[in-house]
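Derivation of every value follows stated rules applied to the coordinates shown; laboratory data play no part. It should be emphasised that the depicted structure is a prediction, and the values quoted were computed from it without experimental measurement. Counting neighbours? That spans all protein chains shown, and the Cβs are built from the backbone with ideal geometry, glycine included.
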Amino acid sequence: MNAATNQLHRLAGLYGINTSYQDMNGRTKPASVESILAVLKALGSPLSGLDEVSGAIRDKRMKEWQRPLEPVTVLHDGESLKLKLNLPKSLLDARICASMVTENGEPIKLDFLCDDSRIINSACVEGDNYVTILLCSPDRLPIGYHKVYLELPGKLSETLVISAPLRAYNPPSIKDKIWGAFLPLYALHTRKSWGAGDFSDLERLMECVYKMGGNMIGTLPLLPSFFDEDLGSSPYMPASRLFWNEFYLDVFRIPELEQCTAAQAMLNSANFENELKGLRRSRLVVYTHQLSLKRKILEALSDYFFTEKPIRFADFETRMDSDSSLEDYARFRAAGEKHGIHWHTWQQTMRDGDLKEGDYLERNKQYHLYAQWLAGEQIQSLSKKAASDNLYLYLDLPVGVHPCSYDVWKNRDVFVTGVSAGAPPDPVFTGGQNWSFPPLNPEKIRQHGYRYVIDSLRHQLKLARMLRVDHMMHFHRLFWIPEGMENREGLYVNYRFEELYAILALESYRHQSVIVGEDLGIVPAEIRPTMKKHGIFRTFVEQYQLSTANLSESVPSDCIASLNTHDMFPFAAFWQDQDISDRIKLNLLTEKNAKIEVVERREAKKALLSVLRREGLLNQSPKDSGTVLKALLNLMASSPAYALLINLEDLWQEVRPQNIPGTLLKQNWSRKARYGFERFSQLPQVNNILYDVNRLRKEG
């Protein structure tokens, strides 16, 4: 490595950029100069080439030492206040005026005296001497978010103090073993559905699982989507992480329907009924058509609501008064319907967040206000029902949002453009993954007090007793792929994980919600011990263990165990090697690698069958995948795992996946379950397996 590259790596380190990573074979993959430069520019480094690196290093170091306080300070379990202060050595004997405002607005006077006995670091930067001193106060802080202000000669500095429990909320007795069912809500359908599931259908499934002894119900993210054919329908690319998806509204539960004659007339029309029949017959969810049909009814209800102002209008106004972001979001969505979803092409004032009357249709804004209010009501009802039955509503927090989303438009300063988040190649996704959404800027989210991160968590935790955090590794580092480069050419950018875990633990504690970190793929050694330290549950996925030939790892107690995930082929396809042949057809796997995988799969299956026989769960060679499935689920039900989440589609030996990452297949995120709720809830193979799982979980 020459001197120029060495300096570039030094600058990258100052920005938290890793200049290499370990690939799936354990080999070191160095980042290219081009990748490092692209990410540095995306982070705002003032350089255009290698000849400017030395100046950029000096600029970065100077800014760090000239910042008296870090934007964020973390304390755990009521620790007393400790602050690290950078200041010129000439001010070492100065008296510092300090104050604190607690989360509830209470002002507290602080008094610190600097002296050299508390020096913990020093440096000479561009000829000036700086020191870091440790300021301590005997006061123990309550949990919460507090602001500390320091007045130095000629400068006022502040830091957000996050006083948090060390560990996230855990159930009172982790030794109790629970189980639950998983199905994407769009895939769930009943005889009353409009071509996809709704919040009422999810409640029916929840009641069914509860009657069988289950304790949780899981589904994919329920956040709003654009449902535009060009933008896709992935629930992991939401239009916002701060609102709910009106697509899942049950129209028949809306109180205004009884009084709105226009909506009733549409519902009773022959044309409407014919369209509904077509949606129900389709094997795939036709999002645009279904939402268009549902929107006609919702718009009629919205018109009635805002014109007639029924008695519930007062409740709506109360909600509006308590949450100004709701109207902001409604304006944004209405403006997108008038000017196009790609807000980057709007006129400058609109791009900058200034939306005025005339930039959108008032009727469309009212529709989005009304639909969001209704969606909040219905999912809150679902959450209350789950809590009353002591059930976990298990929701899902995506890593990011769509680049055209409300969140990026509203909070663009904390998102990074010119790069996409993703993952390097791993044993399951050998080509790597580009998730096509902008990552959060590690430094800017700190400077903004993590407000967007906190709001995203609170939106889910106020209703979810259990929350899955997608790709838990992003609390530590996230793989950034510069535009125009291949997935493997990306590099990792570090985040302040202790600050993010403190927020997660604090919000989890306040909402009494269990946090589950999805820790699949390439997982650095420090991730799982850190999760354990902070009380974050793991995910344990049996098919992933088999794919990586890692059968020796025992199932931990602090995990949510499952056979597979929404991004994997169902168990029957896995056991029959259909996933291998399908990935060859999709050019996701070469013939050469497929042959290797077939051999490895054969050995893994042989080892698994040996375990099942040893445990007395199989007496002879299985005739089909269904026999293995039942034995394996019984084995997992007897494991120490706190929770076992069962993909219902596995129980009728489905072979088609819900999503194949790295593809743009029409059926991704759109395939309905083979059977409707009324049918699969009566299938013997479904009920027999679930009754056995329930018995084993309760016995264990």
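Label 7 Å along Cα→Cβ of residue 122; the stretch 82-109 residues with amide nitrogen under 19 Å?
84-95
Once amide H atoms are built 1.01 Å from N in the peptide plane, which residues 5 or more positions from residue 73, or in another chain, come under 5 Å H to H?
Amide H neighbours of residue 73: 160, 161, 162.
Give me the distance in nm between label points sitting 7 Å out from Cα along the Cα-to-Cβ direction at residue 64 and residue 158, one decimal.
Taking the two extended label points, one gets 2.5 nm.
What FRET efficiency do you get for residue 23 and residue 545 if R0 is 25 Å and r is their Cβ-Cβ distance, rounded to the nearest 0.05?
0.80
What is the fewest-to-most order of 311, 596, 515 by other Cβ atoms lying within 10 Å of their Cβ?
Ascending Cβ contact count within 10 Å gives the list 311, 596, 515.
Quick one: order 621, 122 by neighbouring beta-carbon count within 10 Å, fewest to most.
621, 122
222 nm [θ] for the chain, helices only, -39500 (n - 2.57) per DSSP H run of 4+, per residue, to 500?
-12000 deg cm²/dmol
Below 8 Å, C-alpha to C-alpha, sequence gap of six or more: please give me the relative contact order for the stretch 3-64 in percent. If you can, show how the numbers build up before the last one.
Values: 49 pairs, mean separation 22.9, N = 62.
Rounded, it is 37 percent for the stretch 3-64.
When a/c is below 1.5 the answer is rounded, else prolate if a/b is larger than b/c, else oblate, so apply that to the stretch 252-411 with a ≥ b ≥ c taken from the square roots of the Cα gyration tensor eigenvalues.
rounded
Take the Cβ-Cβ distance between residue 362 and residue 265 as r, set R0 to 25 Å, and report the resulting FRET efficiency rounded to the nearest 0.05.
It comes out at approximately 0.60.
Show me the GluC sites (Glu not before Pro) within the stretch 507-582 that DSSP assigns to loop and that have at most 13 other Cβ atoms within 10 Å of their Cβ. Spell out each step's value before the answer.
Details: sites: 507, 518, 526, 542, 553; in loops: 518, 526, 553.
Qualifying residues, ordered by number: 526, 553.
Given (i) 1.02; (ii) 1.72; (iii) 1.59 as candidate values of Cα Rg over 2.2 N^0.38 Å, which corresponds to the one derived from the coordinates?
From the options (i) 1.02; (ii) 1.72; (iii) 1.59, the structure gives (i).
In the stretch 419-501, how does Rg compare with the Kirkwood Rh, expressed as the Rg/Rh ratio over alpha carbon atoms?
Reported Rg/Rh, Kirkwood definition of Rh: 1.01.
Evaluate the distance, in nm, between pseudo-label points positioned 7 Å from the Cα of residue 390 and of residue 283 along their respective Cα→Cβ axes.
The answer from the label model is 4.3 nm.
Along the Cα→Cβ direction, 7 angstrom out, place labels at residue 486 and residue 102. What is the inter-label distance in nm?
A separation of 5.8 nm, rounded to one decimal place.
Distance between the C-alpha centers of the stretch 421-470 and the stretch 221-289? Whole Å please.
27
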